[in-house]
Amino acid sequence: NNLGKYWRTSDNNITAIEFDSNGNWWLGNGFNGIDVFNWQKGEIETYHYDSSNAFSLGQGGVASIYRDRNNTMWIGTNIGGLQYYDPVKDRFYSYKNDPNDSSSIANNDVRSIIEDNNGDLWIVPHGKGVDRFDKKEGKFYHYNFTNNNLSNDWAFQVLFDSEENLWVATAWGVSRLLKGTETFESYFYIPNDSNTISSNVINCLFQDSKNQIWLGTTGGLCKYRPETNDYQRFYAGLAESINAIEEDNKGNLWIST
């Protein structure tokens, strides 16, 4: 009955959280893999990287866990590439970079995963822009500074807004790919223009229940204003660097600094 002892994680450094279709908690960390709190079984299932097992969890810290529309759990680690979990076989299947195959994933450091209306995954292979993964073809299509005018190839997070436009938080500006287009529009900090983003380092993105887009930067919180295609800055009481944004059921934002 000692719940404090029973429900415990492998490590205190939790880097990714997701729920599976049964409501179980998947908790990824930077060192020891993934802990699944299986409420029905009343036990914790833990997955680690095993160099002798090709179907183990990928190597490195778990940067992203994402459940798609088919309830498949996708995992991005910073060394092991992109994976999905097969609950029937209790195996992880990997997609890794092949230097001889241009349609393979751009690299094996996956920081963010999101799904579009077509069922394609958009992922961040860190330092290589953004990849679109066509699950039916098994191919990766590369979107980056050179090909698509992405503001910077070092990206942190991808987000689809309610109009299916893709937003990318990067180390130098924020970029938006309008639905049906192939070239990004980018926004940058301009020192003497308070209607621009407050910093070029964008840590995170969030769309609230009113479909408003929020940016967490190293220079505070910003909200996108679609009517003027610019940004409102928020500083009051907030630490400078914003790392995560969530919303409660009353419409309040919760800001992690």
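The values are calculated or read from the model by the stated rules, or taken from the named source; none is laboratory data. Nothing here was measured: the structure is a model prediction, and the numbers come from that model. Don't worry about glycine lacking a Cβ; one is built from the backbone with ideal geometry, like all the others, and counts go over all protein chains shown. All accessible areas refer to the heavy atoms of the entire protein, side chains included, with ligands and DNA or RNA removed. Shrake-Rupley method; radii C 1.70, N 1.55, O 1.52, S 1.80 Å.
Of the strands (runs of 3 or more DSSP E) lying entirely inside segment 1-104, those containing at least 2 residues that are under 16 Å from the mean Cα position of the chain (by Cα) span 14-19, 25-29, 62-67, 73-77, 81-86. Of all the residues in segment 187-212, those that are of a type in the set (S, T, Y), surrounded by fewer than 17 Cβ atoms within 10 Å (Cβ to Cβ) and closer than 13 Å to R176 by Cβ number 0. The single condition among (1) surrounded by fewer than 21 Cβ atoms within 10 Å (Cβ to Cβ); (2) in a strand (DSSP E or B) that I113 does not satisfy is (1). Residues in segment 226-242 include at least one that is open to solvent by less than 10 Å² (accessible area, probe 1.4 Å), without any contact (Cβ under 8 Å) to a residue 60 or more places away in the chain and within 18 Å of the chain's Cα centre (by Cα). Selection of segment 28-68 for residues being open to solvent by 10 Å² or more (accessible area, probe 1.4 Å), within 23 Å of V124 (Cβ to Cβ) and hydrophobic (A, V, I, L, M, F, W, C) yields F31, A63, I65.
Yes or no: segment 213-222 includes at least one residue that is in a loop (DSSP other than H, G, I, E, B), open to solvent by 20 Å² or more (accessible area, probe 1.4 Å) and of a type outside the set (S, T, Y). No. The set of residues in segment 10-25 being among the hydroxyl-bearing types (S, T, Y) and over 14 Å from E43 (Cα atoms) consists of T15, S21.
This table checks each residue for (1) open to solvent by less than 10 Å² (accessible area, probe 1.4 Å); (2) over 15 Å from N97 (Cβ atoms); (3) among the charged types (D, E, K, R).
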site	(1), (2), (3)
I123	yes, no, no
K135	no, yes, yes
N144	no, no, no
E163	no, yes, yes
